[in-house]
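Asks: Take this structure, written in structure tokens, and hold onto it; I'll ask about it next.
The values are calculated or read from the model by the stated rules, or taken from the named source; none is laboratory data. In this text the structure is predicted, and so the values were computed from the model without any measurement. Here Cβ is always computed from backbone atoms with ideal geometry, including for glycine, and neighbour counts include all displayed protein chains.
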Amino acid sequence: MNRIRQITFFAILSVPFILLETSSAQPSRAEAAKLFQPPAEQAQSDFSKIDGYVLGLKTKRKMTETELVALITQQSQTGMEKARAIFIWIADNIAYDTDYRITSKEEALKQGKGVCEAYSEMFKSFGELAGLEVMTIRGDSKQYFYRQPSDLDKGGHAWNAVKMDDGRWMIVDVAWGAGHVRNRIFTRKLSGHWFDPKPEIFIFTHFPKDDQWQLLSNPVTRGEFLRMPPLSPELVSWGFNPDATFSYFTNTMDASFPEVFSIDMTWKIGMMPVCSELKAGQSYDFELVLPQNEEAAIICNNRDWVRFRQDGNRFSVTFTPESKGQAVLAVKQPGGKFGGVFKYEVKK
């Protein structure tokens with residue numbers, strides 16, 4: 001069961017992403033409060049039993065596809081559970097093909113690797129064998145290095161939508177849930193954030209050719225998509241309200257976001273500057289919820305530390321940068337070392 005705790009982050013947050021341009025524009029205090037306002041309470045699915053069962057399976061190469069799907073979904077009752085079991089099995093057993101050759105599910109099953117087309121085809125085939133209605137969605141996607149339209153994934157991307165028992169369509173991107181590729185090296189890192197992500201956040205990185213598969217009441221235009229930063233569904237677990245985040249970034253022309261690094265811990269953000277640039281001499285409020293034995297600080301130009309005040313599990317600071325350079329929000333992680341989370345550029 002320890003492996004379940006490792007289902008965390010994908011590459012978009014494993015290394016910094018770069019925005020189209022830096023900007024000091026930031027939401028007003030009232031707008032910021034909405035960005036971090038908890039969404040309406042919704043029942044959260046607990047997949048620990050399903051995940052544990054699937055991750056513990058020992059499948060045989062000679063099994064037919066029908067036999068394999070029956071085994072994978074053996075302990076699944078609902079459509080959601082079946083989709084989750086299939087998502088976890090594929091993400092855990094199929095590596096990304098860094099030679100970009102294997103596009104079919106048949107070859108991917110034989111070789112244990114494939115590109116996004118193979119992942120999405122396999123999820124669709126497995127889902128249909130499990131009695132689910134599944135669509136393959138094709139379009140454009142942004143990786144962490146996205147700076148301009150020419151940085152979109154070459155050849156496009158493919159993911160899935162699956163219909164739930166209540167008629168709701170849900171998004172699934174198994175390829176991105178399996179891990180990440182950097183310098184043509186695949187690193188497996190299962191990420192549950194790409195299973196049923198909020199459409200309001202998913203649209204920051206995925207733009208389907210058919211607008212209906214944005215699953216948004218007000219679809220964004222391609223121009224809006226190209227302008228938006230490549231935010232990850234992980235931000236919702238960090239405390240960002242998906243509806244307010246979507247509204248702010250689609251309605252604010254010069255909205256931006258700091259560079260983001262991954263941390264492997266549980267935390268929440270209560271307040272932070274939502275922009276890529278800070279102005280020297282101007283004050284900014286940061287509020288975090290962290291485990292009580294942790295610490296937080298803002299590190300300026302790799303030398304000056306501004307520590308957060310602690311009140312129980314709440315940490316806060318009003319930060320006023322004094323000179324231009326860089327300011328990094330860092331959090332003490334297991335093992336005692338501080339790890340950078342957000343990086344801002346400081347301008348005069």
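Asks: Do you know which of the residues in region 209-257 that are farther than 23 Å from Y344 by Cα and among the hydroxyl-bearing types (S, T, Y) is surrounded by the fewest Cβ atoms within 10 Å (Cβ to Cβ)?
Replies: Result: S217.
Asks: Got a sec? Which of K60, K105, K110 is basic (K, R), over 30 Å from P321 (Cβ atoms) and touching a helix residue (DSSP H, G or I) at 6+ places or on another chain (Cβ under 6 Å)?
Replies: After ruling out the rest, the residue left standing is K105.
Asks: While we're here: Looking at this structure, is E107 farther than 28 Å from P258 by Cβ, modelled with pLDDT of 95 or more, more than 21 Å from the chain's Cα centre (by Cα) and of a type outside the set (K, R)?
Replies: On the way: farther than 28 Å from P258 by Cβ: yes; modelled with pLDDT of 95 or more: yes; more than 21 Å from the chain's Cα centre (by Cα): yes; of a type outside the set (K, R): yes.
Yes.
Asks: Here is a further query. Does region 50-69 include one or more residues that are over 20 Å from F195 (Cα atoms) and touching a residue at least 60 places away in the same chain (Cβ under 8 Å)?
Replies: Among the residues of region 50-69, at least one is over 20 Å from F195 (Cα atoms) and touching a residue at least 60 places away in the same chain (Cβ under 8 Å), which makes the answer yes.
Asks: So the check is Cβ under 9 Å with 6+ separation or different chains; which pairs have a first residue in region 94-115 that's among the aliphatic types (A, V, I, L, M) and a second one that's surrounded by fewer than 14 Cβ atoms within 10 Å (Cβ to Cβ) and assigned to a helix (DSSP H, G or I)?
Replies: I102/K110
Asks: Can you list the helices (runs of 4 or more DSSP H) lying wholly within region 29-111 that have 2 or more residues being touching a strand residue (DSSP E or B) at 6+ places or on another chain (Cβ under 6 Å)?
Replies: Working: elements: 29-35, 48-55, 65-72, 79-93, 105-111.
Where helices (runs of 4 or more DSSP H) fall fully within region 29-111 and carry at least 2 residues being touching a strand residue (DSSP E or B) at 6+ places or on another chain (Cβ under 6 Å), they are 79-93.
Asks: Within region 306-326, can you find the residues that are assigned to a strand (DSSP E or B), within 17 Å of A280 (Cβ to Cβ) and either touching a Leu at 6+ places or on another chain (Cβ under 6 Å) or among the hydroxyl-bearing types (S, T, Y) (or both)?
Replies: Initial filter on region 306-326 (assigned to a strand (DSSP E or B)): 306-307, 309-311, 314-319, 325-326.
Keeping just the survivors that are within 17 Å of A280 (Cβ to Cβ) gives 306, 317-319, 325-326.
T318, the sole residue that qualifies.
Asks: Further, regarding this structure: Kindly establish whether D173 is surrounded by 22 or more Cβ atoms within 10 Å (Cβ to Cβ) and among the charged types (D, E, K, R). Don't jump to the end; show me each part of the working.
Replies: Numbers: surrounded by 22 or more Cβ atoms within 10 Å (Cβ to Cβ): yes; among the charged types (D, E, K, R): yes.
For D173, the condition - surrounded by 22 or more Cβ atoms within 10 Å (Cβ to Cβ) and among the charged types (D, E, K, R) - is met.
Asks: In the same structural domain as V172 (by TED's automatic domain parsing), within 25 Å of the chain's Cα centre (by Cα) and farther than 27 Å from P242 by Cα, is that true of I86? Talk me through it step by step, then tell me what you get.
Replies: Values: in the same structural domain as V172 (by TED's automatic domain parsing): yes; within 25 Å of the chain's Cα centre (by Cα): yes; farther than 27 Å from P242 by Cα: no.
No, not satisfied.
Asks: Could you give me the residue pairs with C-beta distances under 7 Å whose first residue belongs to region 270-281 and is at negative phi, whose second residue is outside any strand (DSSP E or B) and of a type in the set (K, R) wherever it lies, and which are 6+ apart or on separate chains?
Replies: A280/K324; A280/K348
Asks: Looking only at residues that are of a type in the set (V, I, T) and modelled with pLDDT of 90 or more in region 258-278, which one is surrounded by the fewest Cβ atoms within 10 Å (Cβ to Cβ)? So that I can check it myself, show each step before the final result.
Replies: Here is the first cut: in region 258-278, the ones of a type in the set (V, I, T) are 260, 263, 266, 269, 274.
Now narrow it down to the ones that are modelled with pLDDT of 90 or more: 269, 274.
On the way: I269: 19, V274: 22.
Per the stated criteria, the residue is I269.
Asks: Suppose we filter region 179-204 for residues that are of a type in the set (V, I, T) and over 22 Å from A83 (Cα atoms); how many remain? Steps first, answer last, please.
Replies: Narrowing region 179-204 to residues of a type in the set (V, I, T): 181, 185, 187, 201, 203.
Right, trim to over 22 Å from A83 (Cα atoms) and you get 181, 185, 187.
Counting residues in region 179-204 that are of a type in the set (V, I, T) and over 22 Å from A83 (Cα atoms) gives 3.
Asks: Can you name the number of the only condition in (1) without any contact (Cβ under 8 Å) to a residue 60 or more places away in the chain; (2) out of contact with any Leu (no Cβ under 9 Å at 6 or more places or on another chain); (3) hydrophobic (A, V, I, L, M, F, W, C) that I72 fails?
Replies: Only one criterion in (1) without any contact (Cβ under 8 Å) to a residue 60 or more places away in the chain; (2) out of contact with any Leu (no Cβ under 9 Å at 6 or more places or on another chain); (3) hydrophobic (A, V, I, L, M, F, W, C) is unmet by I72, namely (2).
Asks: In region 176-208, how many residues are surrounded by fewer than 15 Cβ atoms within 10 Å (Cβ to Cβ) and more than 24 Å from Y100 (Cα to Cα)?
Replies: Residues that pass the stated criteria total 0.
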